Amino acid sequence: MNSTEVRRQWAERSGEYSPEYYAYYGPDETSETIRSILERFVGRDAAILELGCSSGRHLAHLHEHGFEDLSGIDVNDDAFDVMAETYPDLAADGTFYHDSIEAVVGDFDDDQFDVVYSVETLQHLHPDAEWVLEELPRITADLLITIENEGEDDEAESAAPDVSYVNDDFPLYHRDWNRVFTELGLLEVEATSGKRDTVRTFRTPQA
C-alpha cells in the first residue's frame, strides 16, 4: 500500500473510525488530556492546529473550554459536514482545511501555530510521506503533542517504522516519536504511556 492508497482509504472511510463514528462518541479522556496539557503550557488565545481532526470532537472540547484560535486538517470527504451538524459553533469559529496533511503543511508559515497536535493520526503517515515530519517543528512556535500508538518497544526503536494492520484493514506505522522529534530539534518535556497510546509533549527551542 503506497501513500496515495492510504490517503484515499481515509478520504472515503465510513463506519468504524469515520467522522460519524467519532462524532457519535464525542469528546473523551484524550480530549481531557489535550486540554490539561494546553492549560499548563499555553494561554487560551494560543493558535492551535489539529492534524487529522475528523469531525472535531477534541477541538470542540477545547472550544467549549475557552480556546479561541482553532484549526484542523482532515482528508475525509464527510468530516466537515459532520462537524457542522454536530459542533456548529466550532465549525463557524474555526479554520479548517479539507485536504491531506501532505498537501497543506508546506503552505503554512514558520511558527504559524503555537500548538500542533495529533491523535492517532501520524501513525497512519506512510513512509513515502515522512518529509511531513520535518515540517511540523517548522510551523510550531511552542508545543507539539503526539498521542500515537508506538507499538512494542523493540519495534518502535527501529529506524524504519514497523507496520501492523487494524482488522486486516488499514496500516499503522509505529514510530518512536521521541527519537523522531528530538532528532528534529525539539525537547521532550513529558511522556506518558497508556494501554494503547503514548502521549508525548515537545517544546521548540524558541519556546
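The values are calculated or read from the model by the stated rules, or taken from the named source; none is laboratory data. Bear in mind the structure is a predicted one, so any value in this text is a computation, not a measurement. Quick reminder, even Gly has a Cβ in these numbers, built from the backbone with ideal geometry, and neighbours come from all protein chains shown.
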* Among the residues listed as 31, 71, the single one being surrounded by fewer than 23 Cβ atoms within 10 Å (Cβ to Cβ), of a type in the set (Gly, Ala, Ser), assigned to a helix (DSSP H, G or I) and modelled with pLDDT of 95 or more -> 31
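Would you tally the residues in the stretch 98-112 being surrounded by fewer than 22 Cβ atoms within 10 Å (Cβ to Cβ) and either farther than 15 Å from residue 142 by Cα or not charged (D, E, K, R) (or both)?
Within the stretch 98-112, the subset surrounded by fewer than 22 Cβ atoms within 10 Å (Cβ to Cβ) is 98-99, 102-104, 106-112.
This time we only want the ones that are either farther than 15 Å from residue 142 by Cα or not charged (D, E, K, R) (or both), so: 98-99, 102-104, 106-108, 112.
Adding up the residues that qualify gives 9.
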* Scan the stretch 79-108 and report the pairs whose first residue is of a type in the set (Lys, Arg) and whose second residue is assigned to a helix (DSSP H, G or I) and modelled with pLDDT under 95, with Cβ atoms within less than 6 Å and a gap of 6+ or a chain change. => none
* Structure fact -> Per the list (1) modelled with pLDDT under 95; (2) assigned to a helix (DSSP H, G or I), residue check on residue 63 breaks on (1)
* Asked: Before we move on, is residue 82 modelled with pLDDT under 95, under 27 Å from residue 25 (Cβ atoms) and β-branched (Val, Ile, Thr)?
  -> yes
* To do: Kindly indicate whether residue 150 is surrounded by fewer than 21 Cβ atoms within 10 Å (Cβ to Cβ) and not small (Gly, Ala, Ser).
  => no
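Do you know which residues across the stretch 153-163 are surrounded by fewer than 18 Cβ atoms within 10 Å (Cβ to Cβ) and either of a type outside the set (A, V, I, L, M) or at pLDDT 95 or above (or both)? Show your work before the answer.
Restricting attention to the stretch 153-163, the residues satisfying the condition of being surrounded by fewer than 18 Cβ atoms within 10 Å (Cβ to Cβ) are 153-155, 157-160, 162-163.
Within the stretch 153-163, 153, 154, 155, 157, 158, 162 meet the criteria.
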